[in-house]
Amino acid sequence: MKKIAYARAAAEAVQEEFRRDNKLVYLATDLQPDLRQEFGEERVRVTPISESAFVGTAIGLAGSGYRAIADLRMATFGFVAMDQMVNQAAKITYMFGGQARFPMLIRMSFGAGMHWAAQHSISPYSMYMNVPGLKIILPTTAYDVKGLLKSALRDNNPVISFENTLLGQVAGDVPEEDYTVPFGRADVKRVGTDVTVVALSRMLHEALAASVALEARGISAEVVDPRTLVPLDRESIRRSVKKTGRLVVVDEACRTCSAAAEVISLVVEDEETYARLKSAPQRVCGLDVPIPYSPPMEQYAIPDRGKILEAVLSLFPRVVK
Amino acid sequence: MKKIAYARAAAEAVQEEFRRDNKLVYLATDLQPDLRQEFGEERVRVTPISESAFVGTAIGLAGSGYRAIADLRMATFGFVAMDQMVNQAAKITYMFGGQARFPMLIRMSFGAGMHWAAQHSISPYSMYMNVPGLKIILPTTAYDVKGLLKSALRDNNPVISFENTLLGQVAGDVPEEDYTVPFGRADVKRVGTDVTVVALSRMLHEALAASVALEARGISAEVVDPRTLVPLDRESIRRSVKKTGRLVVVDEACRTCSAAAEVISLVVEDEETYARLKSAPQRVCGLDVPIPYSPPMEQYAIPDRGKILEAVLSLFPRVVK
Amino acid sequence: MDKLTKRDGKVTRNNAGLINMYRTMLTIRRFDERASQEVRNGAVPGLVHPYIGQEAIATGVCSNLIEGDRIVSNHRGHGHLIAKGADTRRMMAEVFGKKTGYCKGKGGSMHIADFGIGILGANGIVGAGLPIATGAALAARLDGKGKIAVVFFGDGACQEGEFQESMNLASIWKLPLLFACENNMYGVNTSYTYAIAGGDLVKRASAYDMPTASVDGNDVIAVREAARIAIEHVRAGGGPYFVEFKTFRWSGHFVPEAIPDTRPKEEIEAWKKKCPIVRFMRRLLEDGIVTRPELQKIEDQVMGIIDEAVVYARESPLPAPEDALDDVYSA
Amino acid sequence: MDKLTKRDGKVTRNNAGLINMYRTMLTIRRFDERASQEVRNGAVPGLVHPYIGQEAIATGVCSNLIEGDRIVSNHRGHGHLIAKGADTRRMMAEVFGKKTGYCKGKGGSMHIADFGIGILGANGIVGAGLPIATGAALAARLDGKGKIAVVFFGDGACQEGEFQESMNLASIWKLPLLFACENNMYGVNTSYTYAIAGGDLVKRASAYDMPTASVDGNDVIAVREAARIAIEHVRAGGGPYFVEFKTFRWSGHFVPEAIPDTRPKEEIEAWKKKCPIVRFMRRLLEDGIVTRPELQKIEDQVMGIIDEAVVYARESPLPAPEDALDDVYSA
Ligand SMILES: Cc1ncc(C[n+]2csc(CCOP(=O)(O)OP(=O)(O)O)c2C)c(N)n1
Ligand SMILES: Cc1ncc(C[n+]2csc(CCOP(=O)(O)OP(=O)(O)O)c2C)c(N)n1
Ligand SMILES: [Mg+2]
Ligand SMILES: [Mg+2]
């Protein structure tokens, strides 16, 4: 084990997979100096500011025996390449009757809290979740980001990795040896008995902080990190809710049609889980506003440990707040 | 009253508003012959196949005292203009602190059932619902499409109208005189007592058909048409569910993170409504697959009256199927 | 003009090549005539964008391709696929929405592909194939085996941002990519002279710092020759090349003709007189490369192939409803 | 070169114009120096893309604009805004995230706008302002009052599809739009000679059938003159015009400098020697249009304005958290 930052762990995953797989190509508007030095400019390519072209290039590479990483940097820049992701990458395997594989990875950083205002702070993963054919990972820790990126780089499908900007410098334990984190397996990051808190990306850390405060009030929270949004580990989430009888979903993204809405739905539509619910499930989400620039407003617009605490406490009317 | 087709009612709305408002401009890759003849080629413009450019043009017009209709024809073509919708139109009012208004209408036809395969059959409204700053209408009848488009063309914000292709020829009663349908008011298209069926767009008609079959089995379905997705009439939906105690949401779009997920969530997270629920709410949605071309598969992939019937009956275990 | 080839009474290798081109063009023509007819008959669930009138382009371009080269097609793709060697039976079956089709009935006319022979697929989104072809060209370059990619696209696609981005990217990376622009004068009903500023596609392509050419797309020999020169350049590592092929679509934008065709009747008629197949046939006859009876034999052969394709399509089973669940992801 | 203007001892109208341009350039410089410093001080929550080194462009271009003309800016927008007449106090307050800012603290540096004086806003998405400006130009044309639109964008934006689409659209509709391309040689750290095939932006623009020019963007007189000629053409209904202004950004891509600046040090130094402000100042002195004491007075004035802007920004209240809920929609 070693303790390294999330961003470093991600870089290691890419580097190690580049060593394993000589069909791997990196495409980004930014120079990746370390990678380029080791693997050369044929495989590590600086693109013009033409996201549509280079995401499409990744698709063409994938359909021709290569595997490309299209690094969009920020999720917001993905919108100029949306057709290539939604109409092409997501559908191409299916439309062609499965005759070819499209192994590729699209990386996007995302999230609010950097005071970058509306255009640079969006958390759009639920939009992509509505598009079958894409796999979507949402790594929350150094361990997970390395292991999930490795799985992504060994998967035979288009995968989008949403990496929260504010997690980049968060350090965590990472094994020395090669490992992967499988898709579709939620991770119970904290075991508890009274309430299930499903927390996405950076909100996991906020939820863990809130659970400490909850513990002090005698409430034992189970904190579940889905880790991958597509496939989504429905069973683990339902299992936890069946145990605790209560559900709070925390998602930084805008509330309407969020991944949080999906989690709530998959829980309540399951008769067995529904039957065990003791109270109305709750969402703690970003407000339905574009992210404002100025910190007081920005903070107000996104969830944090305080809001999580409040939402959980609202499920326990007899506990002193 | 007169009986006219949905598409005709939509055309009338545009034509009448063009007469009312000389700041109105139409932009589309297709010629709109009738409109052009009446209003001339300065106001009714054929664009190149450059969706990003002409949606952006609509924004610029809006910010300069005009009101443009950007007719994308099919929702799928919107993905090449996604940045202009998500990063610009949706956020521009907010980012600039509300100092300018952006009245504009984006029209998109959508939906499966025409055997046009994956790229031409998507129903992507939930993706846009996750983006605050856009208003979204989903008209289901000739009456509604005319009235809602008129409201859209008098609203001071970017509005997207999702018009189901298969509804185009469906006729309905439309008043002779000018009228509008307000945003944010769901319409109870059928009053019932045993189950609330919230049905979106074309699925409304399937739900109404299913409700007849349900009636025959002694089940009284209330069929609610939200009509606008943003703003969404939460109160009316909750009111209906509080009355019936049961909820089925029907949405042709892919299930995950769908508008249906939002409807379920807004119902169950409301304590009062939750308390009145008699059974687990259900979604009847498009499968999480790209829409296949061949009719047997296509039909399998999207909801219909039979699937609605089945889902509702599953809530009444004692009723004979 | 020179004779097409020297001959001494029997079919030379070169003659065989010419006759093959003729057969290919005719196959494309008959395929799309028949597919259109089957649409009108109600045997085809969806729609078809016929390639009729443009056959010389796919045929002439693909006659220069070798194994391992890849093509990317667009919504009007049947001609490209046939010219690159796709199986007309599996094509027709796909158009019919059958399980035996290239895409198991999942794609239909607009999404046929055959990765096994380097066909990376038709595409329903105007312009979207261009970036994908750029990727295929990058793959060819990384492979380093002298293979190339060709992308077919229309004048309409030149109006999309993806066209420009791909031209630029292919150019700065000197990718082995032939931009084969089929300028059939219209995107649906919109003339390229209206929609393309300046109306000069070659000039626009030149601005991306690559060699260009513009040829009569209804003359298969001119097409083949222009493509040969371009492909030699591309294959030799000279970077991308843009060729405009001027041509015309005979049918409405798609069949069934739900969109009224507002192009001037006289223009359509004038172009029909420039039929690439009749023209090539006359040439072959004049130069004594084929005889009328030989032509009849080819016609019969082709009709046989198309009939067989239709029978195959018709008799093939439909997919099962639940097949919809497969192929969303690859294993 | 000719003298800038004839003068007879007192400040002529023309002289006043020149001095105003100088004052504008200096205001932009000091504003962005100060804003950068305040970022480093921690007084600014977000980031700032300084316009330092490019002041001559916005200044020279906007000196030709009249009331009712509209501009669209990009992420490096402070210079454009100041040159078009924006209030530096409300700008600085916005950069500080204050309620008194142009956007009530909702936008920050990258999203300042002043619709009241025809500033349709900065924009954080590369290339995205171009279609919006196309709409503003269409509005001007529909208004029929001889007003125009100007869009400022970088060499990087020329790599996006939206650039090409907007050039094409503006050209076929002959819209009154000036494409003001600020070629500062790099998009972040990527040279335009690498990222733009052929490296010739003027050639590319010409392919959209509009007149073009390329001038030294560090010479405010040359900028003003090129823009004057272009704007005359545009205003007269001649359709769009493209002008490339060659220039250089002195700072890193943005402040705080989180992205390492990998541009060659010598290149940066060489361009600093071509400072547009020093150059213009020398010219004004040589031609006897200003004296050193007058220059000092301008410097003092400008510093006063900037100080005032900072004080205003600093002392202004922050928005209330719940203000986040307003302005999502217009009434
Ligand atoms: C992004 C996008 N916009 C619009 C369409 C609708 N559409 C399909 S084909 C077509 C015309 C294309 O013209 P061109 O590229 O010249 O090809 P042609 O049909 O003439 O062969 C249009 C507008 C589409 N498929 N994709
Ligand atoms: C669509 C998009 N892609 C990438 C970025 C990130 N980005 C911001 S500015 C910039 C460079 C732009 O270069 P240029 O247009 O030349 O302007 P300059 O910064 O040189 O003034 C990039 C890549 C973005 N904002 N939007
Ligand atoms: Mg065409
Ligand atoms: Mg630049």
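At 222 nm, what helix-only mean residue ellipticity would chain B give, in deg cm²/dmol to the nearest 500, using -39500 (n - 2.57) for each DSSP H run of four or more?
-10500 deg cm²/dmol
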Notebook entry, point to check: Regarding the protein assembly as shown, what whole-number volume in Å³ per residue does the convex hull of its Cα atoms give?
Noted result: 173
Next item on the list: Run through the DSSP bridge list for the protein assembly as shown and note the antiparallel percent, rounded to the nearest 5.
Entry: 20
Checklist line | Residues A:Lys2, B:Lys150, C:Lys273, sorted so that the one with the fewest Cβ neighbours within 10 Å comes first | finding: C:Lys273, A:Lys2, B:Lys150
Note to self: Using alpha carbons only, how many angstrom separate the centre of the range B:249-321 from the centre of the range A:251-321?
What the structure shows: 23
Next item on the list: Mind checking A:110-121 for the average number of partner chain beta-carbons within 10 Å of each residue's beta-carbon?
Entry: 6
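Go through A:Lys243/B:Lys242; D:Lys145/D:Lys273; B:Lys23/D:Lys98; A:Lys189/B:Lys243; C:Lys84/C:Lys174; C:Lys203/D:Lys84 and tell me which ones have a Cα-Cα distance over 31 Å in this structure.
The answer is D:Lys145/D:Lys273; B:Lys23/D:Lys98; A:Lys189/B:Lys243; C:Lys203/D:Lys84.
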Next item on the list: Considering Cα pairs under 8 angstrom that are at least six residues apart, work out the relative contact order of the range C:114-183 and quote it in whole percent.
Entry: 36
Notebook entry, point to check: Hey, rough spin-label estimate for C:Leu285 and A:Arg36, points 7 angstrom out along Cα→Cβ, what's it come to in nanometres?
Noted result: 6.2
Notebook entry, point to check: Residue of C with Cβ nearest the axis relating C to D, plus distance in whole Å?
Noted result: C:Gly161, 1
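Provide the FRET efficiency to the nearest 0.05 for the C:Glu266-C:Lys297 pair, computing r from the beta carbons and using R0 = 41 Å.
Result of the calculation: an efficiency of 0.70.
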Note to self: Of all beta bridges DSSP finds with both residues in the range D:164-317, what is the antiparallel percent, to the nearest 5?
What the structure shows: 15
Checklist line | Reachable aspartates and glutamates from C:Lys106, criterion Cα separation under 19 angstrom, eight or more residues apart if same chain | finding: B:Glu252, B:Asp288, B:Glu298, C:Glu38, C:Asp87, C:Glu94, C:Asp114, C:Glu315, C:Glu322, C:Asp323, C:Asp326, C:Asp327
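Within 10 Å of each Cβ in peptide C:137-145, how many partner chain Cβ atoms are there on average? Round it to a whole number, please.
For this peptide, the per-residue mean of nearby foreign Cβ atoms is 5.
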Next item on the list: Output, in nm with one decimal and in ascending order, the distances from the D:Val278 label point to the matching label points of the other copies (7 Å from Cα along Cα-to-Cβ).
Entry: 7.4
Next item on the list: Would you mind listing the distances between the A:Arg36 label point and the same position in each other copy? Use 7 Å along Cα-to-C-beta, nm, one decimal, shortest first.
Entry: 4.9
Margin query: Please enumerate, by chain and number, the aspartates and glutamates with C-alpha under 15 Å from the C-alpha of C:Lys246, excluding those fewer than 8 residues away in the same chain.
Written below: C:Glu55, C:Asp155, C:Glu182, C:Asp200, C:Asp216, C:Asp219, C:Glu225, C:Glu267
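Taking 0.36 nm per residue of sequence separation and subtracting the Cα-Cα distance, how much length would be gained by fully extending the chain between A:Gln169 and A:Arg276, in nm to one decimal? Each step should come with its number before you reach the end.
On the way: separation 107, 0.36 × 107 = 38.52 nm, distance 3.94 nm.
Stretched fully, the A:Gln169-A:Arg276 segment lengthens by 34.6 nm.
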Notebook entry, point to check: What net charge is computed for the residues neighbouring B:Val191, neighbours being all others with C-beta under 10 Å from the C-beta of B:Val191, Lys and Arg scored +1, Asp and Glu -1?
Noted result: +2
Next item on the list: Just tell me how shielded C:230-242 is by partners: mean number of partner chain Cβ atoms within 10 Å of each residue's Cβ, no decimals.
Entry: 0
Checklist line | At R0 = 22 Å, FRET efficiency that the Cβ-Cβ distance of A:Ala213 and B:Lys243 yields, to 0.05 | finding: 0.05
Notebook entry, point to check: Given the C-alpha centroids of the range C:128-168 and the range C:186-210, what is the distance between them in whole angstrom?
Noted result: 17
Notebook entry, point to check: Considering only B:Phe162, B:Ala100, B:Tyr179, whose Cα is most displaced toward the positive end of the charge dipole of the range B:88-197, charges sitting on Cβ of Lys, Arg (+1) and Asp, Glu (-1)?
Noted result: B:Ala100
Notebook entry, point to check: Mean separation of Cα pairs under 8 Å and 6+ residues apart, divided by the residue count of chain B: what relative contact order is that in percent?
Noted result: 17
Item checked: Order of D:Arg292, A:Arg43 - criterion: other Cβ atoms within 10 Å of each residue's Cβ, fewest first -> D:Arg292, A:Arg43
Item checked: For chain D, calculated [θ]222 nm from helices alone, where every DSSP H run of n ≥ 4 adds -39500 (n - 2.57) -> -14000 deg cm²/dmol
Next item on the list: Enumerate the whole-percent occupancy of each 20 Å bin, from 0 to the last occupied one, for all C-alpha pair distances of chain A.
Entry: 33, 57, 11, 0
Check: Summing +1 for each Lys or Arg and -1 for each Asp or Glu, what net charge is found among the other residues whose Cβ lies under 13 Å from the Cβ of B:Glu176?
Finding: -2
Check: From the label point of A:Glu272, set 7 Å from Cα along Cα→Cβ, how far away are the matching label points in the other copies, in nm, ordered shortest to longest?
Finding: 3.5
Check: How high is the relative contact order of chain C, given as a whole-number percent (alpha carbon pairs under 8 Å, six or more residues apart)?
Finding: 23
Note to self: Taking just the alpha carbons, could you work out the radius of gyration and Dmax for the range B:187-313, both in angstroms?
What the structure shows: 13.8, 45
Item checked: Which of C:Tyr208, A:Tyr293 has the fewest Cβ neighbours within 10 Å, and the rest in rising order -> C:Tyr208, A:Tyr293
Margin query: Given Cβ point charges of +1 (Lys, Arg) and -1 (Asp, Glu) and nothing else, what value in debye, to the nearest 20, does the dipole of the range D:81-147 about its Cα centre take?
Written below: 160
Note to self: For B:Lys2, give me every one of the lysines with a C-alpha distance below 18 angstrom, ignoring sequence neighbours fewer than eight places off in its own chain.
What the structure shows: B:Lys146, B:Lys150
Check: Based on the Cβ-Cβ distance from A:Arg20 to D:Ile117, what FRET efficiency comes out when R0 is 51 Å, to the nearest 0.05?
Finding: 0.30
Notebook entry, point to check: For the range A:2-174, max minus min Cα coordinate along each principal axis, in Å, sorted largest first?
Noted result: 43, 37, 28
Item checked: Separation in nanometres of the label points that stand 7 Å from Cα toward Cβ, at D:Glu257 and D:Val202 -> 3.3
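Values in this text are rule-based calculations from the coordinates and carry no lab data. On a predicted model such as this, the values are computed, not experimentally measured, just so you know. We place every Cβ from the backbone using ideal geometry, glycine too, and count neighbours over all the protein chains shown.
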